[in-house]
Amino acid sequence: MTGRFANHTVLVIGGTHRLGAAIAAAADAEDAHVTVASHAPRDESTVRIDLRDEASVAAAAQRIGPIDHLISTASMTYSAPIREMELSRVQEAIAAKITGPLLLAKHFQIRQSLTLFSGQVAWRPGSGTYATGITNGAIAFAAQHLAAELAPVRVNAISPGIIDSGLWDARGAEKAAFLTAAASRTLVGSTGTVQDIVDAVLWIMSAPFFTGETLRVDGGRR
């Protein structure tokens, strides 16, 4: 049997690590023709796309050509007290989550779906998280407006909760306690897995009657 994305072309931005890499691998396993992009390619098989640089987006679109599905996991997180804000860091967060998706919509010929990534901090304001929260929140509106702009291409967003994707490994010995506490605040009593997000992305790619929405994969945390 062939996979459900046989003969589909898929571009995964941020596809060299963590969630992006898992999404790219899953699409490949479903027989899609997958291209991986990053702002800092590690090898010649990875296409350079820097969402802060319109020229790189345009050049990549020209090189890759029409695609069926585009997934952007790009993110530039930044936390600091507002009085200590570095404008350049905020502008990077805006590029990854707001102007970057607009450039993708402008330059790429997308035939079926565009999937963007938000995050739960958008709906959980806290001290110092304004840049990440505002830009992630903007993704929800971007999905609605771009769905109207690009129709019939479907545009959606995914908002993950706490996912054990490797992001939290830097906490070292504190990681287990952090995940346990996070799990206790969900309705399902657990944190998410990479597979949870992969399944959500593949479903969105294959759902012809789903557009303009933000799918929260957070165990009911909100």
Search result, residues across region 1-49 that are touching a residue at least 60 places away in the same chain (Cβ under 8 Å) and over 18 Å from Ile197 (Cα atoms): His8, Thr9
Qualifying position, being closer than 30 Å to Thr180 by Cβ and aliphatic (A, V, I, L, M), among Ala140, Ala147, Ala105: Ala140
All positions within region 131-144 that are touching a residue at least 12 places away in the same chain (Cβ under 8 Å), open to solvent by 70 Å² or more (accessible area, probe 1.4 Å) and closer than 24 Å to Met205 by Cβ: Gln144
Subset of region 15-31 that is assigned to a loop (DSSP other than H, G, I, E, B) and farther than 18 Å from Arg63 by Cβ - its residue that is nearest to the chain's Cα centre (by Cα): His17
Matching residues, region 100-117, being open to solvent by less than 10 Å² (accessible area, probe 1.4 Å) and over 25 Å from Arg4 (Cα atoms): Gly100, Pro101
Whichever residue in region 1-28 is open to solvent by 80 Å² or more (accessible area, probe 1.4 Å) and under 29 Å from Trp168 (Cα atoms) and, among such residues, is modelled with the lowest pLDDT: His17
Residue that is in a helix (DSSP H, G or I), without any contact (Cβ under 8 Å) to a residue 60 or more places away in the chain, open to solvent by 30 Å² or more (accessible area, probe 1.4 Å) and touching a Phe, Trp or Tyr at 6+ places or on another chain (Cβ under 9 Å), where the choices are Arg89, Arg83, Arg63: Arg89
Failed item, numbered, when Met76 is tested on (1) open to solvent by 70 Å² or more (accessible area, probe 1.4 Å); (2) more than 28 Å from Pro152 (Cβ to Cβ): (1)
Test for Gln112: is it more than 30 Å from Thr191 (Cβ to Cβ) and either among the basic types (Lys, Arg) or not in a helix (DSSP H, G or I) (or both): yes
Pair list, Cβ under 7 Å, 6 or more apart: region 192-203 residue under 20 Å from Ser113 (Cα atoms), other residue in a helix (DSSP H, G or I): Ile197/Leu19; Val198/Ala22; Val198/Ile23; Val198/Ala26; Val201/Ile23; Leu202/Ala26
Search result, residues across region 148-198 that are in a helix (DSSP H, G or I) and within 30 Å of His69 (Cα to Cα): Ala148, Glu149, Leu150, Leu167, Trp168, Val194, Gln195, Asp196, Ile197, Val198
Enumeration of residues in region 44-57 that are of a type outside the set (Val, Ile, Thr) and surrounded by 15 or more Cβ atoms within 10 Å (Cβ to Cβ): Arg48, Asp50, Leu51, Arg52, Asp53, Glu54, Ser56
Members of region 150-175 found to be open to solvent by 70 Å² or more (accessible area, probe 1.4 Å) and aliphatic (A, V, I, L, M), listed by number: Leu167, Ala170, Ala173
Condition met for Ala147 (farther than 11 Å from Arg221 by Cβ, open to solvent by 20 Å² or more (accessible area, probe 1.4 Å) and out of contact with any Leu (no Cβ under 6 Å at 6 or more places or on another chain)): no
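The values are calculated or read from the model by the stated rules, or taken from the named source; none is laboratory data. Since this is a predicted model, take the numbers as computed values, not measurements. As a convention, Cβ positions derive from the backbone with ideal geometry for all residues, glycine included, and neighbour counts pool all protein chains shown. Surface areas here come from the heavy atoms of the whole protein model, side chains and all, with no ligands, DNA or RNA. Shrake-Rupley method; radii C 1.70, N 1.55, O 1.52, S 1.80 Å.
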